[in-house]
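Before any comments, here is the structure.
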Ligand SMILES: C[S@@+](CC[C@H](N)C(=O)[O-])C[C@H]1O[C@@H](n2cnc3c(N)ncnc32)[C@H](O)[C@@H]1O
């Protein structure tokens, strides 16, 4: 993963997908599913779709038939996008999927006309405040609902095998550096990083949407299957980003990373990453 250039390796997206799927808010998905029930064919536009994680998680929870448009600037990721096979291609429950390669920096590559729902996941930390304001204008114009999952909120924590928080100075230091790194521009304006978690619902509310927010944290318990693999990759990216912040001490970050990776591998710590999911309803959906 290279978060600075906003390039994301397919392997990283595949590694995080199970944790993402557990974390996403089912209550917000159920709410939008109920609101969209009874429409002929749902049209869903997924922004920054990557390999289609949102499609795989959300499509079985929405009424059928569905038609998805997956937009991303990386064709190699879109190439890997597949819906969940739910009984073969002829099954009407398998959504129709179209992919579009487009740079979303100006939102110009996305058209919401005729859409029932716009989605994005693990996306809003990359964008700027003006970008969200433009999105809100477009959603209002076409009276489309939005379901925006897994926006990081800046919380990261370690915990012992009983789930009790471990709070060490080096953990707080590494989190603070990571969040500073997240606020660097990533091709979509001055990136909001963790500030997006509060700003996204606030801006959507000011634009007249009815907004609901739910937590969708990653909870990687000590010793649980998948914790070591995902946690080690996360620590690697976290330490790399922290070391890139001007003035940071590479040796302190290196020692912290080794200490935490060892504890993770030995099943002595688990870790968590804070996210929010946001549902925005135009009021008449
Ligand atoms: C963290 S990944 C999330 C992917 C997917 N939504 C998921 O939940 O697995 C962010 C995605 O945004 C895409 N991206 C970054 N900058 C972009 C841009 N300017 N235009 C379009 N896509 C972009 C990346 O290629 C990547 O697929």
- Restricting attention to region 21-46, report how many residues are surrounded by 17 or more Cβ atoms within 10 Å (Cβ to Cβ) and farther than 19 Å from residue 212 by Cβ. 4
- Item | Answer residue from region 50-60, given it is closer than 25 Å to residue 136 by Cβ and in contact with a helix residue (DSSP H, G or I) (Cβ under 7 Å, 6 or more places away or on another chain) and is farthest from the ligand (Cβ to nearest atom) among those | 58
- Query: Among the residues of region 141-151, is any modelled with pLDDT of 95 or more, more than 22 Å from residue 66 (Cβ to Cβ), surrounded by 15 or more Cβ atoms within 10 Å (Cβ to Cβ) and within 16 Å of the ligand (Cβ to nearest atom)?
  - Reply: yes
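Here's the yes/no breakdown for (1) away from the ligand (no atom under 15 Å from the Cβ); (2) modelled with pLDDT under 95; (3) surrounded by 14 or more Cβ atoms within 10 Å (Cβ to Cβ):
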site	(1), (2), (3)
62	yes, no, yes
67	yes, no, yes
70	no, no, yes
78	no, no, yes
106	no, yes, no
132	no, no, yes
- Quick check: anything in region 35-46 within 16 Å of the ligand (Cβ to nearest atom) and modelled with pLDDT under 95? no
- Message: Just to be sure I understand, how many residues within region 14-27 are closer than 22 Å to residue 71 by Cα, in a helix (DSSP H, G or I) and touching a residue at least 40 places away in the same chain (Cβ under 8 Å)?
- Response: 4
- Note on the structure: Here the qualifying pairs (Cβ atoms under 9 Å; residues six or more apart or on different chains; first in region 102-119 and within 17 Å of residue 32 (Cα to Cα); second assigned to a helix (DSSP H, G or I) and within 8 Å of the ligand (Cβ to nearest atom)) come out as 119/54
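For residues that are without any contact (Cβ under 8 Å) to a residue 60 or more places away in the chain and in a helix (DSSP H, G or I), scanning just region 176-192, find the one that is surrounded by the most Cβ atoms within 10 Å (Cβ to Cβ).
179
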- Item | Breaking point among (1) within 9 Å of the ligand (Cβ to nearest atom); (2) out of contact with any helix residue (DSSP H, G or I) (no Cβ under 8 Å at 6 or more places or on another chain); (3) at pLDDT below 95, for residue 12 | (2)
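The values are calculated or read from the model by the stated rules, or taken from the named source; none is laboratory data. The structure presented is a predicted model; accordingly, all values stated were derived computationally and were not measured. Heads up, the Cβs are rebuilt from the backbone with ideal geometry, glycines too, and the neighbour counts pull from every protein chain shown.
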